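The values are calculated or read from the model by the stated rules, or taken from the named source; none is laboratory data. As the structure is a computational prediction, the values presented were derived from the model and not from experiment. In this analysis, Cβ positions are derived from the backbone assuming ideal geometry, glycine residues included, and neighbour counts consider all displayed protein chains.
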Amino acid sequence: MRVYWAPMAQVCVAAIGGLLASPACVYAVSINVGSVSGAAGSQVQFAVTLNTMGEQVAGIANDILFDPAAPIVECSISPQFAGLSAAVLRPSGCSPGVDCQRSRVIIFQIPPLPIEDGAVLYTCTVAIAADAPVKSYPLACSAPGVSDPDGKALPVQCVDGRVQTGFLVCDVAASVGDNAGDFGDGSIDIFDVRSIFSAAQLGVDVPAAGTDRLSAMDASTVDSPPSCGGDGVLDIFDVRQCFGVAQLGETDYGRMDTGSTCTSTPQPQ
């Protein structure tokens with residue numbers, strides 16, 4: 001399992017209890033929802049961390065909205081923050097993994113001691129549905145609030161996470177990185193074929209060894225779980241495989257590559 005962390009957003013929102021005094025953006029306290037990858041039918045965990053940005057933070061609250069195909073089934077607060085803290089799933093009375101729509105965590109201690117910068121506030125478990133298609137499922141952070149030891153509300157921003165169930169082989173263009181979720185647009189077209197041709201034949205924009213994007217380019221041969229397809233070399237056969245998908249209507253498929261083992265079966269998109 002590989003965990004990816006989203007960069008801290010440069011966006012300011014109102015703190016709970018009041019509005020920012022100035023319309024100009026300030027560096028706010030940041031609640032960061034982690035991201036995680038896993039195969040369909042598996043359970044994975046992600047962490048929620050805090051960047052204090054030099055502020056004294058003693059109380060925290062936030063929700064996380066999730067997709068029904070990748071629901072949060074449990075959240076556990078880090079032991080050092082137990083106090084009067086609480087982690088629940090909403091709406092009230094919902095059944096985890098069935099009809100819950102969001103998690104809600106409140107962290108508050110007596111006495112109200114400052115929380116260390118970079119601290120793991122809590123972790124949550126996600127149960128990915130057995131039939132979940134290969135895609136990125138959002139973990140949308142909402143309703144954030146933080147306060148200092150005196151109970152004063154502080155400006156706060158909240159960074160979303162995601163659950164990544166793999167990647168679509170050949171879908172490699174529109175790239176901002178080489179990790180699953182950082183490349184592709186959900187469809188395979190001539191732009192993807194051109195990217196693979198450039199990497200395989202011209203040595204242009206070749207992904208780093210061992211990355212998801214390189215695996216997505218290495219399309220020939222197709223997967224035969226538990227073994228991944230590909231041969232570790234980008235060549236004209238990979239170009240031909242992806243051209244067939246993009247232009248000739250051949251079947252595309254998803255891949256969850258965890259090294260030498262494919263943990264998700266090929267599936268039409």
(Q) For segment 118-135, which positions are surrounded by 15 or more Cβ atoms within 10 Å (Cβ to Cβ) and within 23 Å of P149 (Cα to Cα)? (A) A119, V120, L121, Y122
Q) Are any residues in segment 17-58 part of a loop (DSSP other than H, G, I, E, B), at pLDDT 90 or above and over 16 Å from P138 (Cα atoms), and if so, which ones? A) T52, M53, G54, E55, Q56, V57, A58
Q) What is the one condition in (1) of a type in the set (G, A, S); (2) at pLDDT 90 or above; (3) over 30 Å from V73 (Cβ atoms); (4) buried (at least 19 other Cβ atoms within 10 Å of the Cβ) that G230 does not satisfy? A) (2)
Q: May I ask you to say which residue of S264, S195 is surrounded by 13 or more Cβ atoms within 10 Å (Cβ to Cβ), modelled with pLDDT of 85 or more and hydroxyl-bearing (S, T, Y)?
A: S195
(Q) If I filter segment 199-225 down to residues being of a type outside the set (D, E), crowded, with 21+ Cβ neighbours inside 10 Å and within 22 Å of the chain's Cα centre (by Cα), which single residue comes out as farthest from C242 (Cα to Cα)? (A) P207
Q. Does A61 satisfy the condition of being without any contact (Cβ under 8 Å) to a residue 40 or more places away in the chain, in a strand (DSSP E or B) and either in the same structural domain as P149 (by TED's automatic domain parsing) or on the phi > 0 side of the Ramachandran plot (or both)?
A. no
Q. List the pairs whose first member sits in segment 84-102 and is assigned by TED's automatic domain parsing to the domain that holds L65, whose second member is hydroxyl-bearing (S, T, Y), and whose Cβ atoms are under 6 Å apart, counting only residues at least 6 apart or on separate chains?
A. L89/S103
